[in-house]
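What follows is one structure encoded as structure tokens, with my remarks underneath.
Any read-out appearing in this document is the output of simple, stated calculations on the displayed coordinates, not a laboratory observation. Just so it is clear, the model here is predicted, and its values are computed rather than measured. No Cβ is skipped: glycine too gets one built from the backbone with ideal geometry, and neighbour counts run over all protein chains shown.
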Amino acid sequence: MNSINNWFNNFVRNFESDRTYFKRLFFEYCKNGDLKNAKKYYDKIVLTFFTLLSTHLNFAYLLPELNDETFIIACSNNKVNIASWIYRKRITDKYLLKGFEIALLQENFSVFNWFLHDHSILIKLIRISISINDIFIFNFIIDYCFDNNIWIVLVKAFNICCYTKKLEMANSIYQRLSNYPEINTIIADIIMKFRLSRDTNSNIYKWLHSLGDENFILQNLYNPEKYDEIIQKLNIPSKKNTNSDVIITEKCSICLEKYNFISSCNHYYCLKCFLTYNIKYKNNNCSYCRQIFDLQKCCFIKN
Ligand SMILES: [Zn+2]
Ligand SMILES: [Zn+2]
């Protein structure tokens, strides 16, 4: 038993020393931007890693750390080839932001420009800065996007701020988007989503509502192109219209026009009346029989 233990300990020790050696070379190649050799030694480290992992589960934490550490080295040494390569292998959010900060503060322009020219990275950085309240990075990216007309990132950032209920951050983006032609549609869309989730008590909702034009918001709720999305969000079952489904003598109990919605209590509505009644005016019981709606037992009849 003892000799097996000794053998095992030696085995681990050998791999650890190989690993340390490979790592030292690897970092040196990264600092110099030698991607070919960096890749070669990365693979060697990964190999020792998995060998150790198969014998010794405690090593499981080492690999993400290697990527994070490599990313920081690449950003500090302005090696964009190494940074973009290791980024594609996945690094933790905290280190993406840290690498960006380093590139910014050290004016490492190759890496810095790489960050700024990829919209998906900008959105990631914004998302991270919002989640940890890093106002400095947040403002920096928002200003950059505004100065360079990168509306797609600003709109995405505005959505993230609204859904995570960061009112101040949302407002600072709104100031820059107030002349953006689509802004009313964007606000109406966010308001609709809050309404459909019955989440209308937050300050962010009240603020959005004060910005939005009620008619415009309702247009959105009544837009047949949005019906599928609304129905899905409310978790209402639907079925395709076949002639046998529609009873000609029944009408919407509110507007007396053709119905396309049957409540859980088996009463008839058109979807527009139902949404006005249930979402806009927040009535949860049937206008006809006063029973509480069970949305999962209602049915929308698609045309
Ligand atoms: Zn109706
Ligand atoms: Zn009813």
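Debye calculation, C-alpha points only, no solvent: report log10 I(q)/I(0) for the range 235-303 at q = 0.11, 0.18, 0.25, 0.29 Å⁻¹, in the same order as the q values.
-0.22, -0.60, -1.18, -1.52
For the chain, report the % of Cα-Cα distances exceeding 33 Å.
I get 51 percent for the Cα pairs in the chain exceeding 33 Å.
Run through every distinct alpha carbon pair of the range 160-199 and return the Kirkwood hydrodynamic radius in angstroms, one decimal place.
By the Kirkwood definition, the hydrodynamic radius is 10.7 Å.
Return one number: the angle in degrees, 0 to 90 and rounded to the nearest 10, between the long axis of the Cα atoms of helix 35-55 and the longest principal axis of the Cα atoms of the chain.
80
Order by neighbour count: Val46, Val111, Val80, fewest other Cβ atoms within 10 Å first, most last.
Val46, Val80, Val111
Measure out, as a whole number of angstrom, how far apart the alpha-carbon centroids of the range 267-294 and the range 175-233 sit.
20
How big is the Kirkwood radius of the range 65-213, worked out from every pair of different alpha carbons and given in Å to one decimal?
16.3
Taking the Cα centre of the chain as the origin, how large is its charge dipole in debye, to the nearest 20, when only Lys and Arg (+1) and Asp and Glu (-1) carry charge on their Cβ atoms?
680
Among DSSP bridges having both ends in the chain, what percentage is antiparallel? Round to the nearest 5.
The antiparallel proportion sits near 60 percent.
Using only alpha carbon positions, build the gyration tensor of the range 102-183, then give the equivalent ellipsoid semi-axes as the square roots of 5 times its eigenvalues, largest first, whole angstrom.
The answer is 21, 15, 10 Å, longest axis first.
Over the Cα atoms of the range 1-117, Rg to Rh with Kirkwood Rh, two decimal places?
Looking at the range 1-117, the ratio lands at 1.09.
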